[in-house]
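One structure is given below, encoded as structure tokens.
The values are calculated or read from the model by the stated rules, or taken from the named source; none is laboratory data. Source: prediction; values computed, not measured. Every residue, glycine among them, receives a Cβ derived from its backbone with ideal geometry; neighbour counts consider all protein chains shown. SASA here: full protein model, heavy atoms, side chains in, ligands and nucleic acids out. Shrake-Rupley method; radii C 1.70, N 1.55, O 1.52, S 1.80 Å.
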Amino acid sequence: MSSKSANSKTPRKARNDQDPIEVYCRIRSLPTHSAEICAKAVSQTEVRLIPPQDSYATKMNHAAETSHSFEHVFDCDTNQVDIFNHVGLPLVENVLHGKNGLIFAYGITCSGKTYTMNGTASDIGILPRCLDVIFNSIGNYQAEQNTFIPDKTNGFEIQNSTQDSKNQKKPSLRINTLKTQTDFGRDIKRVHDDTQIANVDEDNVYSVFVSLIEIYNNYVYDLLEEPSTDINKSKLPNSKILREDINHNMFVSNCTEIEVRSADEAYALLLKGEDNFTS
């Protein structure tokens, strides 16, 4: 997200090591009614873990119930809207006010991470709802395309009208990268969240850029990077390098950054990147 300033570069904020970290817990519903409950929400902030009767610890008389506290606990009946309103919406509001935002989904395989973050076409998750709210809120304040250009050092350059007209003549990476619905081989139509942040700063203009990075076995892959057309080069993706910018913030060097004009364009890039997942 970029907002226009009087300087030739968008301002970078100094790193704040005191940013709060809030940990939430979502309990997935059991696959069958006969399955044994091993995690139970006893309050809005506490989860009790109950060892299964057939576990090794129980058989050896080493089992004990334990309790764990979280910022908030969502039981198996919590819907996607409630989770987004509690977890995602405050972060979106912070981002639109110039703060950083991060959601890190952690859990074992099949614990519900993808469903919580992406959801389904009819029951969207946190990520598509974040995209919807961002564009619902900045709709009338979007900068002209190519006003901001990534400088490849974790910042953006602001183009003047002459530079912008030259950039307009170049093929748009955004258009060339997006796939059509037929290319995906799946239906990318989805429901949308109509929530809007009311107090967006009207003195700013905004641009949204998308990158999609995968970290796998200590390698960093750019999931939006187009494969090389050179027959002498490997078709396998190259691992990217982590670098430090002038404010000591870490970033992925030379990753693809694509300007998007709508939530649907950003969502289409997400689907494109999913096709390139290594794991």
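For the range 21-31, give me the residue count where each residue is out of contact with any helix residue (DSSP H, G or I) (no Cβ under 7 Å at 6 or more places or on another chain) and open to solvent by less than 70 Å² (accessible area, probe 1.4 Å).
Result for the range 21-31: 3.
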query: How do the pairs read when you match residues in the range 128-139 that are more than 23 Å from residue 203 (Cβ to Cβ) with residues anywhere that are among the polar types (S, T, N, Q) and open to solvent by 20 Å² or more (accessible area, probe 1.4 Å), using Cβ under 8 Å and keeping only pairs 6 or more apart or on different chains?
result: 128/118; 129/195; 132/195
message: Please go through the range 254-279 and give me each residue that is buried (at least 19 other Cβ atoms within 10 Å of the Cβ) and of a type in the set (Gly, Ala, Ser), ordered by number.
response: 263, 266, 268, 273
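Name every residue in the range 191-208 that is more than 15 Å from residue 92 (Cα to Cα) and touching a residue at least 24 places away in the same chain (Cβ under 8 Å), in order of residue number.
Listed by number, the residues that qualify are 191, 192, 202, 204, 205.
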task: Report yes if some residue within the range 99-114 is surrounded by 17 or more Cβ atoms within 10 Å (Cβ to Cβ), modelled with pLDDT of 90 or more and β-branched (Val, Ile, Thr); otherwise report no.
output: no
- line: Reported set for the range 110-126 where residues are touching a Phe, Trp or Tyr at 6+ places or on another chain (Cβ under 8 Å) and in contact (Cβ under 8 Å) with a residue 12 or more places away in the chain is 125, 126
task: Kindly list the number of the only condition in (1) in contact with a helix residue (DSSP H, G or I) (Cβ under 9 Å, 6 or more places away or on another chain); (2) of a type in the set (D, E, K, R); (3) at pLDDT 90 or above; (4) not in a loop (DSSP other than H, G, I, E, B) that fails for residue 243.
output: (1)
- prompt: Residues 226, 244, 214: which one is surrounded by 15 or more Cβ atoms within 10 Å (Cβ to Cβ) and either charged (D, E, K, R) or more than 25 Å from residue 146 (Cα to Cα) (or both)?
  reply: 214
statement: Residues of the range 84-106 being more than 15 Å from the chain's Cα centre (by Cα) and closer than 22 Å to residue 46 by Cα, in sequence order, are 85, 86
